[in-house]
Amino acid sequence: MGLYGGRVDAVIELEGLRKEYRRLRGSTTVAVDGLDLSVPSGGVFGFLGPNGAGKTTTIRCLLGLVRPSGGRCRLLGREPADLHRVIGRVGSIVESPTMYPRFTGRRNLELLARIEGIRRSRVREVLEEVALDDRGDDLVKTYSLGMKQRLGIAAALLKDPELLILDEPANGLDPAGIVEVRELMRRLGREGRTVFVSSHILTEVQQTADRVAILARGRTVATGPVHEVLMAGRAAGLVVRLDDVAGGLRALGEAGIPATSDDGVIHVDLPPGDAARVTRTLADRGLYLTELRSDEADLETVFLELTSGPGTQDR
Amino acid sequence: MIALLASELRRFRSRRLVKVLTGLEVLGIVVAGVIVFLTQEYDLAAFPNTLRGSSLVLLSVGWMLGASAIGAEWHAGHLTTILTWEPRRGRVILAKIVASLAGVFVLSLAVQALLGIALAIDAAGRGSTTGADAAWFAESAAVATRVALLSTIFAGFGFALAAAGRNTAVALGAGFAYLVIVENLVRGLRPEWAPWLLTDNAALFIIGRTDFNLPGRTVVQSGVYLAAVGLGLLLGAAGLFRVRDVT
């Protein structure tokens with residue numbers, strides 16, 4: 001059930017989404033190439049991909065800013081032609097949010113609020129929420145990049161949205177600002193809203209998102225809960241540390257356990273569930289461990305493995 | 001739609017170019033008023049002709065304001081933000097057209113009224129107010145209204161070209177190229193096409209005298225023709241806006 005009524009199982013649905021840009025010389029750039037994606041309601045969903053992977057184009061398709069060349073996309077169950085019926089429940093930032101530089105931050109928000117009939121007190125609330133209440137009456141042209149980004153987030157929050165689509169929201173923010181945005185996204189996700197966030201700052205997504213999709217060359221190469229994507233991205237293994245690395249390698253080899261050494265540790269090519277077999281094998285030969293842990297991948301490693309290759313396709 | 005229109009009117013009113021050009025016009029009127037006061041004995045009966053003579057400034061300002069109303073939005077990327085609040089593009093472009101054209105019309109009338117006040121002070125102080133009767137007032141009001149209408153139509157031309165080209169400079173460049181190159185070429189090579197030239201029709205509309213320069217063409221016909229061209233350009237621009245990607 002959607003937060004504000006109306007049953008919606010997936011808040012974002014993409015089926016074979018394709019977007020080509022034709023150039024004047026006749027060649028075609030494929031920005032999105034048959035993208036399938038389903039984003040469930042609630043929580044934070046990370047949308048990852050290298051530059052040129054098609055993240056922003058996908059978001060533009062969802063928001064009706066560009067017309068797909070093929071496939072389907074639905075936002076809160078609506079096709080782009082019916083977007084106006086749900087846009088009041090969607091807050092968004094696309095790339096760097098643009099506001100009127102010679103208006104104050106507050107006035108910019110009031111102009112947007114007026115379009116949807118949002119009360120003025122809500123402007124004050126969102127300015128406080130992004131810590132801009134003390135600068136709300138300054139002209140936007142005096143804002144730093146990070147402050148402009150926070151103002152964009154405030155604009156996205158104005159509608160008290162059920163779904164937030166944030167395209168690289170941490171762009172231009174200082175470390176404190178990044179932490180604030182991360183906390184904000186977590187809180188919004190906990191409140192039952194869906195936060196769809198595209199980013200290339202992988203550690204941010206790993207710390208914030210419940211689920212991720214990784215995009216490469218206009219297609220989804222992995223999607224699911226973060227821990228599942230991490231596991232799927234590379235073979236599971238174990239890291240063993242002991243004083244006699246050479247002896248350990250020899251003992252494991254004699255027992256038929258595949259292992260390699262690197263930088264004073266042994267990487268064992270067995271799943272974490274077989275850790276007891278490794279400790280027993282080593283202990284039987286009088287070798288005692290100083291460390292044993294699963295060889296976990298971080299999202300960055302998985303991301304690089306999955307997305308390596310050329311970016312946008314030119315034809 | 002009303003909320004969107006109100007929001008666009010606020011934006012138009014707050015634009016820097018609107019403020020700068022309005023300020024320059026007011027400054028020009030004050031300076032001209034002082035110079036006229038010091039050097040001439042202004043006859044208020046000539047005011048309708050003064051309005052006709054100064055119309056070129058208002059038409060140019062109208063073109064620029066119309067062009068920048070959408071060109072600057074494209075250039076800065078504000079349209080992306082607005083379309084994420086109101087995805088019905090027809091409404092967005094209609095609100096922008098109405099706001100900018102209404103703004104130009106009101107501004108043109110206000111500037112002419114200010115000019116009238118300045119010259120009336122000159123005439124009362126050192127010149128003559130003889131002949132400033134009801135007929136004079138009616139003629140002055142008619143000329144001022146036609147100048148304001150034509151400024152609005154020219155704002156429509158500028159808006160349409162800037163919307164299609166996604167840049168204010170495109171509209172200004174296209175306008176300059178049309179007026180300087182196309183119209184002069186047509187006059188030289190195809191003089192029989194003169195009734196369809198914008199400047200000839202604009203001159204007839206401002207002068208307000210049938211058969212002034214285009215035999216058989218009335219003032220109303222000129223106005224309708226210019227408005228139809230403007231409407232056609234705006235419809236074309238709105239059609240493009242509805243189908244093109246916003247990137």
Q | Qualifying residues in region B:3-18 (those that are within 10 Å of another protein chain (Cβ to nearest Cβ), free of Cβ contacts under 8 Å to residues at least 60 places away in the same chain and in a helix (DSSP H, G or I)) - the one surrounded by the fewest Cβ atoms within 10 Å (Cβ to Cβ) | A | B:ARG16
Q.
Looking only at strands (runs of 3 or more DSSP E) that lie completely in region A:15-100, which have at least 2 residues being within 14 Å of chain B (Cβ to nearest Cβ)?
A. A:28-40, A:70-75, A:90-93
Q) Can you pull out the residues in region A:102-112 that are under 24 Å from A:GLU168 (Cβ atoms) and more than 8 Å from chain B (Cβ to nearest Cβ)? A) A:GLY105, A:ASN108, A:LEU109
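Here are some residues: A:VAL140, A:VAL179, A:VAL130. Which one is surrounded by 21 or more Cβ atoms within 10 Å (Cβ to Cβ) and β-branched (Val, Ile, Thr)? Can you show your working first?
Working: A:VAL140 fails: surrounded by 21 or more Cβ atoms within 10 Å (Cβ to Cβ); A:VAL179 fails: surrounded by 21 or more Cβ atoms within 10 Å (Cβ to Cβ).
Residue meeting the stated conditions: A:VAL130.
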Q. Of all residues in region A:119-134, how many are over 29 Å from the mean Cα position of the chain (by Cα) and either touching a residue at least 24 places away in the same chain (Cβ under 8 Å) or in a helix (DSSP H, G or I) (or both)?
A. 2
Q. Is it the case that region A:142-155 has a residue that's in contact with a Leu (Cβ under 9 Å, 6 or more places away or on another chain), part of a strand (DSSP E or B) and hydrophobic (A, V, I, L, M, F, W, C)?
A. no
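Out of the residues in region B:177-200 meeting the condition of being among the aromatic types (Phe, Trp, Tyr) and modelled with pLDDT of 90 or more, tell me which one is least open to solvent (accessible area, probe 1.4 Å).
Applying the first criterion (among the aromatic types (Phe, Trp, Tyr)) to region B:177-200 yields B:178, B:193, B:196.
Keeping just the survivors that are modelled with pLDDT of 90 or more gives B:178, B:196.
On the way: B:TYR178: 55, B:TRP196: 141 Å².
Only one residue tops the list, namely B:TYR178.
Every residue, every condition in (1) modelled with pLDDT of 90 or more; (2) surrounded by fewer than 19 Cβ atoms within 10 Å (Cβ to Cβ); (3) within 23 Å of B:LEU150 (Cβ to Cβ); (4) of a type in the set (Phe, Trp, Tyr), yes or no:
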{"residue": "B:MET1", "(1), (2), (3), (4)": "no, yes, no, no"}
{"residue": "B:VAL20", "(1), (2), (3), (4)": "yes, yes, yes, no"}
{"residue": "B:GLY23", "(1), (2), (3), (4)": "yes, yes, yes, no"}
{"residue": "B:VAL34", "(1), (2), (3), (4)": "no, yes, no, no"}
{"residue": "B:PHE37", "(1), (2), (3), (4)": "no, yes, no, yes"}
{"residue": "B:LEU51", "(1), (2), (3), (4)": "yes, no, yes, no"}
{"residue": "B:SER55", "(1), (2), (3), (4)": "yes, no, yes, no"}
**Q.** Criterion violated by A:GLU125 - all others in (1) touching a strand residue (DSSP E or B) at 6+ places or on another chain (Cβ under 9 Å); (2) open to solvent by 40 Å² or more (accessible area, probe 1.4 Å); (3) closer than 22 Å to A:ALA170 by Cα satisfied
**A.** (1)
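Yes/no per residue for (1) closer than 20 Å to B:ALA164 by Cβ; (2) among the charged types (D, E, K, R); (3) crowded, with 17+ Cβ neighbours inside 10 Å; (4) more than 14 Å from chain A (Cβ to nearest Cβ):
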{"position": "B:ALA67", "(1), (2), (3), (4)": "yes, no, yes, yes"}
{"position": "B:TRP74", "(1), (2), (3), (4)": "yes, no, yes, no"}
{"position": "B:THR81", "(1), (2), (3), (4)": "no, no, yes, no"}
{"position": "B:ILE117", "(1), (2), (3), (4)": "no, no, no, yes"}
{"position": "B:ALA141", "(1), (2), (3), (4)": "no, no, no, yes"}
**Q.** region A:173-184 residues that are free of Cβ contacts under 8 Å to residues at least 40 places away in the same chain, paired with ones that are small (Gly, Ala, Ser) and part of a helix (DSSP H, G or I) (beta carbon under 8 Å, 6 or more apart)
**A.** A:LEU173/A:GLY146; A:ASP174/A:GLY146; A:GLY177/A:GLY146
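Looking only at residues in region B:90-101 that are surrounded by fewer than 22 Cβ atoms within 10 Å (Cβ to Cβ) and out of contact with any Leu (no Cβ under 7 Å at 6 or more places or on another chain), which one is nearest to the other protein chains (Cβ to nearest Cβ)? Break it down into steps so the answer makes sense when it comes.
In the first step, residues of region B:90-101 are kept if they are surrounded by fewer than 22 Cβ atoms within 10 Å (Cβ to Cβ); the result is B:90-91, B:93-94, B:98-99.
Adding the requirement that they be out of contact with any Leu (no Cβ under 7 Å at 6 or more places or on another chain) leaves B:90, B:93-94.
Working: B:GLY90: 11, B:ILE93: 14, B:LEU94: 14 Å.
Filtering first and then ranking leaves B:GLY90.
The values are calculated or read from the model by the stated rules, or taken from the named source; none is laboratory data. Bear in mind that the values here come from a model prediction, so they are computed numbers and not experimental data. Quick reminder, even Gly has a Cβ in these numbers, built from the backbone with ideal geometry, and neighbours come from all protein chains shown. Please note that ligands, DNA and RNA were not included when accessible areas were found on the heavy atoms of the full protein model with its side chains. Shrake-Rupley method; radii C 1.70, N 1.55, O 1.52, S 1.80 Å.
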